[in-house]
1. Taking amide hydrogens as modeled 1.01 Å from N in the peptide plane, which residues meet the under 5 Å criterion relative to D148, leaving out close sequence neighbours?
2. Test of understanding: what is the full-extension gain from K40 to Y176, defined as 0.36 nm times their sequence separation minus their Cα-Cα distance?
3. Report the calculated FRET efficiency for R104 and L83 (r = Cβ-Cβ distance, R0 = 25 Å), to the nearest 0.05.
4. So if R0 is 45 Å, what FRET efficiency would Y68 and E185 give, r being the distance between their Cβ atoms, rounded to the nearest 0.05?
5. For I152 and F16 in the same chain, what is the full-extension length gain: residue separation times 0.36 nm, less their Cα-Cα distance, in nm?
6. What list of ³J(HN,Hα) couplings, whole Hz, do you get for the range 59-74 from phi and the Karplus terms 6.51, -1.76, 1.60, once you set θ to phi - 60° and write x for glycine and proline?
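We did not get these values from a lab; they are worked out from the coordinates using the rules stated. Predicted model, so just to flag it, every value in this text is computed and none were measured. Here Cβ is always computed from backbone atoms with ideal geometry, including for glycine, and neighbour counts include all displayed protein chains.
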Amino acid sequence: KLMTIQLRPDICRLCFRDKSSYYYKSEQLCRNCFELRYGKIIIDKRGAEYYGGHKAHLAGGLFTKAEYGSLYLTLKYVLFIHLDKDPSKMWEIKIPLSPIMIERWRIEEESRRKQVAAGGSSLENIGFGAGVIYETGKAHHIIIPYMDENGIPQEPRFGISSFQGRAIREWASQFYDQVVNVKKEKTRTDQEVTTTFRSQTPIGVSIIAQPN
């Protein structure tokens, strides 16, 4: 495998067969291996932004408020992968869909920046000027509240560039549908487990509910 990597540095580190297209935890993965591990990709955004909200990952620095990377919605997770030429500086946020608080997720719209359009004229050698401040576009943020594996509430905020709101509308629709599907499936599975347990309990044996 080491020789294969030396001959083909862009090869997938899982199957060692196909060219890698995705990075996660400093791993290079082809699409098939990426989806095998994290679920089929429903929608993605290369060049997405992270604006903080996760207690383990700060955002921004001296010249920017955001961290940049790729955002994926798969059948199982929302993944944000911050890339860097130095693998030791790469990091990611992996959000399982099941613990997402669907009643609290939201989309927020913010102005990207403002510019001043200036114009001038003169009348009898006297100058007049005027300026108009206008917005150059809108930035859309998707906020995803959830409870992490340690029982700590997180609320990461991701930016998705959206021309006339098209991208964010598609993300919102796909995200909502998939989270609802996952929660429905979990409820159905839990009900099946409960039914099976009750059917296997001998008659006359009391089932004592355990405190949470």
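1. Those qualifying (amide H under 5 Å, at least 5 residues apart or on another chain) are Q154.
2. So the extension gain works out to 47.3 nm.
3. Working: r = 29 Å, r/R0 = 1.16.
My answer for the efficiency is 0.30.
4. Efficiency, rounded to the nearest 0.05: 0.85.
5. Once the chain is fully extended between I152 and F16, it gains 45.3 nm.
6. Along the range 59-74, the couplings run 10, x, x, 5, 10, 8, 8, 10, 10, 10, x, 10, 10, 10, 10, 10 Hz.
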